[in-house]
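Quick notes on the structure that follows.
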Amino acid sequence: DGERQAFAEAIARVEKRLGGRYPIIVDGREIDTGTYITSINPARPDVVVGVVAAADRQLADAAVGGAAAAFKTWSNTAWEERARILLKVADRLRQQRAEFAALEIFEAGKTWGEADANVTEAIDYLEYYARLALNLGRPQSRHVAGEDNWLWYRARGVGIVLPPWNFPLAILVGMLSAAIVTGNTTLLKPSSQTPVIAACFAKLLQQAGLPPGVVQFLPGSGASVGDYLVRHPGIDFIAFTGSREVGLHIVRQAATVAPGQRQVKHVIAEMGGKNAIIVDSDADPDEAITGIVHSAFGYQGQKCSACSRVIVVGNHYDQLLHRLVEATASLKIGDPADPGMFMGPVIERSARERIQKAIEAGKNHAQLALQVACSGLDTGYFVGPAIFSRVPPDSPLAQDEIFGPVLAVLEARNLDEALRIANGTDYALTGGLYSRSPANIEKVRREFEVGNLYVNRKITGALVDRQPFGGFKLSGLGSKAGGADYLLQFLIPCTFTERTLRRGFAPLERSGEMTRKGI
């Protein structure tokens, strides 16, 4: 009760501060450009969460130049010092956990539990990557008599971090902290739907002692500033999480070598999924229903890991569908500032319209088993859950990422057919199985083409280190976030070899010297 009361008080405090102005930050200088991005509360669009200054191309050039100037000093800073700063940021974020979570309720439309989980995940990223960096900072040696061989890592250079609106703190912090702890300098261009959360975190970085120029905070539209930075010859890498359409656009742009560019841009991109849960013929229906509802409709289905397909194996399709419809119809939908709500609004008006169009179009391909009306919630961007039955595997409902609370329920005669349906999309991000059969669990483990597979539990809520997150096919490219090899994407491996034989004598190893030099 005490924790709940403290969180309610934090929501009240943050609500009183809504409507503030937030500057761009370039080389540690706060700049008000006179052009703004206005962030609104999707549950109450008449409420302004904040007004954030927007950059232009001239400021983008200045930010790239400032990041390049800061790179030499920052990349030569000891790994231990960079890790120490990340841990200090984590400590400050932990102290402000409730306030950041409250801000997510207002700006991103997250419910209490979803908002708090996003902040704690951000803290996990900071601490995990700080500790990984300490290991990477130790040079590896492979010496032989008369020859010293070392492998070490150098930072890539100047990068852009492009986080999404649906995890406006956790994914932002994950990509950004990985980039800077490995010695890179960055430009942070937040999503225009959630720029206030990003602005508050950029300020927290300053307060924690991050040197000016290491992170340039550069809000702006993707069509102007975002595209311009991706094409900029001074950019060495791009870290992006978002839609497949935008991600592939970035990959195409980054592949073009501009005049004056002296490196091939490295792209790290996570681009969504069309995730399926297979319900085996012997599955526990109570567990399956609970996991499906949370996976499909948690945060309004606005997670790249959300379940958008359920594939029912055997002859219990009708019974499972009936129970799934009844469970979903009981969900509470409303303003996420109310702790009793399971679902809040979708992020913006255009998202609501797109989801509603997908639901209407779906009626041409399948049977609408449930569509929850949002009566009395016309002021916000609310969309009730929709469930379709008898969905053809090749229909848009089963193939296209809708990114909202829309669930397709499909049939399969056996597990082999279920796997063919599950794997029959362009994506390979997350998947799930409910089954009591060890043989079937092992078969699905081998054959289900996903980066994250969950058995007898929901398919959302991956934890840093425990379930490193990321997929393949058109779900993205790069190593899994929150995993042991994620930091390597931000580094260039180098070797150093020295012939040490002098007049028939080999000197003692110089491991201490190499370590002191940071090599």
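The values are calculated or read from the model by the stated rules, or taken from the named source; none is laboratory data. Since the model is a prediction, treat every value here as computed from it, not as a measurement. Reconstructed Cβ throughout: ideal geometry from the backbone, glycine too, with neighbour counts over all protein chains shown. Keep in mind that these areas ignore ligands, DNA and RNA; they rest on the heavy atoms of the full protein, side chains included. Shrake-Rupley method; radii C 1.70, N 1.55, O 1.52, S 1.80 Å.
Name the residue, out of ALA306, ALA288, ALA276, ALA255, that is surrounded by 24 or more Cβ atoms within 10 Å (Cβ to Cβ), farther than 22 Å from PRO392 by Cβ and of a type outside the set (S, T, N, Q).
ALA288
Given (1) polar (S, T, N, Q); (2) touching a residue at least 24 places away in the same chain (Cβ under 8 Å); (3) not in a helix (DSSP H, G or I), where does THR73 come up short, assuming only one miss?
(3)
Select, from GLY213, GLY183, the only residue that is buried (at least 24 other Cβ atoms within 10 Å of the Cβ), in a loop (DSSP other than H, G, I, E, B), on the phi > 0 side of the Ramachandran plot and touching a strand residue (DSSP E or B) at 6+ places or on another chain (Cβ under 9 Å).
That would be GLY183, the only listed residue that is buried (at least 24 other Cβ atoms within 10 Å of the Cβ), in a loop (DSSP other than H, G, I, E, B), on the phi > 0 side of the Ramachandran plot and touching a strand residue (DSSP E or B) at 6+ places or on another chain (Cβ under 9 Å).
Identify, from the list ILE197, ILE171, ILE250, the residue that is open to solvent by 20 Å² or more (accessible area, probe 1.4 Å), under 21 Å from ILE347 (Cβ atoms), assigned to a helix (DSSP H, G or I) and touching a residue at least 40 places away in the same chain (Cβ under 8 Å).
Result: ILE171 is the single residue among ILE197, ILE171, ILE250 that is open to solvent by 20 Å² or more (accessible area, probe 1.4 Å), under 21 Å from ILE347 (Cβ atoms), assigned to a helix (DSSP H, G or I) and touching a residue at least 40 places away in the same chain (Cβ under 8 Å).
Given ASP416, ASP426, which one is free of Cβ contacts under 8 Å to residues at least 12 places away in the same chain, open to solvent by 20 Å² or more (accessible area, probe 1.4 Å) and more than 15 Å from ALA296 (Cα to Cα)?
ASP416
Condition test on ALA296, is it within 18 Å of the chain's Cα centre (by Cα) and farther than 17 Å from LEU370 by Cα?
The answer is no for ALA296.
Considering only the range 129-151, state which residues are open to solvent by less than 40 Å² (accessible area, probe 1.4 Å) and within 23 Å of the chain's Cα centre (by Cα).
Answer for the range 129-151, where residues must be open to solvent by less than 40 Å² (accessible area, probe 1.4 Å) and within 23 Å of the chain's Cα centre (by Cα): TYR129, ALA130, LEU132, ALA133.
Please tell me if ALA101 is of a type in the set (A, V, I, L, M) and open to solvent by less than 40 Å² (accessible area, probe 1.4 Å).
Taking the combined requirement at face value, the residue satisfies it.
Working only within the range 223-234, note down all residues that are in contact (Cβ under 8 Å) with a residue 60 or more places away in the chain and either surrounded by 24 or more Cβ atoms within 10 Å (Cβ to Cβ) or part of a helix (DSSP H, G or I) (or both).
Matches in the range 223-234: SER224, VAL225, GLY226, TYR228, LEU229, VAL230.
Taking the range 1-32, which residues are open to solvent by less than 50 Å² (accessible area, probe 1.4 Å) and either of a type outside the set (A, V, I, L, M, F, W, C) or not in a helix (DSSP H, G or I) (or both)?
Matches in the range 1-32: LEU18, GLY19, GLY20, PRO23, ILE24, ILE25, VAL26, GLY28, ILE31.
Given the conditions (1) touching a strand residue (DSSP E or B) at 6+ places or on another chain (Cβ under 7 Å); (2) surrounded by fewer than 16 Cβ atoms within 10 Å (Cβ to Cβ); (3) under 22 Å from ALA422 (Cα atoms); (4) not charged (D, E, K, R), report the number of the one that ASN315 does not fulfil.
Among (1) touching a strand residue (DSSP E or B) at 6+ places or on another chain (Cβ under 7 Å); (2) surrounded by fewer than 16 Cβ atoms within 10 Å (Cβ to Cβ); (3) under 22 Å from ALA422 (Cα atoms); (4) not charged (D, E, K, R), the lone unmet condition for ASN315 is (1).
Residue check, SER75 against (1) within 27 Å of GLU121 (Cα to Cα); (2) in contact with an Asp or Glu (Cβ under 9 Å, 6 or more places away or on another chain); (3) surrounded by fewer than 21 Cβ atoms within 10 Å (Cβ to Cβ), all met but one. Which one?
Failed condition: (2).
Of the residues PRO438, PRO392, PRO396, which single one is touching a His at 6+ places or on another chain (Cβ under 9 Å), over 17 Å from LEU321 (Cα atoms) and free of Cβ contacts under 8 Å to residues at least 60 places away in the same chain?
PRO396
In the range 453-472, what residues are closer than 22 Å to ARG252 by Cβ, out of contact with any Leu (no Cβ under 6 Å at 6 or more places or on another chain) and touching a residue at least 60 places away in the same chain (Cβ under 8 Å)?
Within the range 453-472, GLY470 is the sole residue that qualifies.
Only one residue in ASP394, ASP378, ASP426 is farther than 15 Å from ILE355 by Cα and at pLDDT below 95, so which one is that?
So the residue among ASP394, ASP378, ASP426 that is farther than 15 Å from ILE355 by Cα and at pLDDT below 95 is ASP378.
Applying the selection to the range 33-69, what residues are open to solvent by 20 Å² or more (accessible area, probe 1.4 Å), among the small types (Gly, Ala, Ser) and modelled with pLDDT of 95 or more?
ALA62, GLY65, ALA68, ALA69
What are the pairs, 6+ residues apart or on separate chains, where a residue within the range 473-501 that is within 21 Å of ARG142 (Cβ to Cβ) has its Cβ under 6 Å from a residue that is surrounded by fewer than 17 Cβ atoms within 10 Å (Cβ to Cβ) and of a type in the set (A, V, I, L, M)?
Listed pairs, sorted by first residue: THR495/LEU151; THR500/ALA506.
Only one of GLU114, GLU80 is open to solvent by 20 Å² or more (accessible area, probe 1.4 Å), over 30 Å from GLY157 (Cα atoms), assigned to a helix (DSSP H, G or I) and touching a residue at least 12 places away in the same chain (Cβ under 8 Å). Can you tell me which?
Going through GLU114, GLU80 in turn, just one is open to solvent by 20 Å² or more (accessible area, probe 1.4 Å), over 30 Å from GLY157 (Cα atoms), assigned to a helix (DSSP H, G or I) and touching a residue at least 12 places away in the same chain (Cβ under 8 Å): GLU114.
Would you please name the residue that is surrounded by the fewest Cβ atoms within 10 Å (Cβ to Cβ), looking only at residues in the range 469-483 that are touching a helix residue (DSSP H, G or I) at 6+ places or on another chain (Cβ under 7 Å) and part of a loop (DSSP other than H, G, I, E, B)?
SER479
Which one is modelled with the highest pLDDT, of the residues in the range 259-283 that are closer than 30 Å to VAL409 by Cα and touching an Asp or Glu at 6+ places or on another chain (Cβ under 6 Å)?
Ranking the candidates gives LYS274 first.
Go through the range 364-397 and give me each residue that's in contact with a strand residue (DSSP E or B) (Cβ under 8 Å, 6 or more places away or on another chain) and of a type in the set (D, E, K, R).
Within the range 364-397, just ARG390 meets the criteria.
Spot the failing condition for VAL455; the list is (1) at pLDDT 95 or above; (2) exposed (fewer than 13 other Cβ atoms within 10 Å of the Cβ); (3) of a type in the set (Val, Ile, Thr), and only one is missed.
Result: VAL455 fails condition (2) only.
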